[in-house]
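Okay, so here's the structure we're looking at.
The values are calculated or read from the model by the stated rules, or taken from the named source; none is laboratory data. These figures come from a predicted structure and were not determined experimentally. Cβ sites come from the backbone with ideal geometry, for glycine too, and all protein chains shown count toward neighbours.
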Amino acid sequence: MPEIARFLGIVVAMLYNDHAPPHFHVRYGGHEASVVIDPPGLLAGRLPPRVFALVVEWTVIHREDLLADWERARTLQPLLPIAPLE
C-alpha cells in the first residue's frame, strides 16, 4: 500500500485501483481506518477521536491533492506525496 503522508505518528496510504468512494487508509498505533475524502468521514475501522480530528483537518486542507492521487491510483500512475499536517 503506497504511503502518501506521515505525520504525528499517523501513516496515510492509498491503494491502487481501490473501490469507490474516493478514500484513503490510515494507520495509527494499533488502529486502522478508511477515510472518505469528500466530505471527510470514516468509511471503515476506528481511530482515537483526537487522531480522527487531525486526519479530518488534514483531509480538508489537502482535498485537491488527495483527489488527484485518487485519480492517479485509479489509472495505476505513481502517487505523489502530500505534505504533512504541521
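Just a few scattered comments:
- Residues of segment 50-86 satisfying the condition of being polar (S, T, N, Q) and either surrounded by fewer than 15 Cβ atoms within 10 Å (Cβ to Cβ) or not in a helix (DSSP H, G or I) (or both): 75, 77
- Test: residue 71 is charged (D, E, K, R) and modelled with pLDDT under 95: no
- Residue pairs meeting the criteria (Cβ under 9 Å; at least 6 apart or on separate chains; first surrounded by fewer than 16 Cβ atoms within 10 Å (Cβ to Cβ) and modelled with pLDDT of 95 or more, in segment 21-49; second aromatic (Phe, Trp, Tyr) and outside any strand (DSSP E or B)): 46/52
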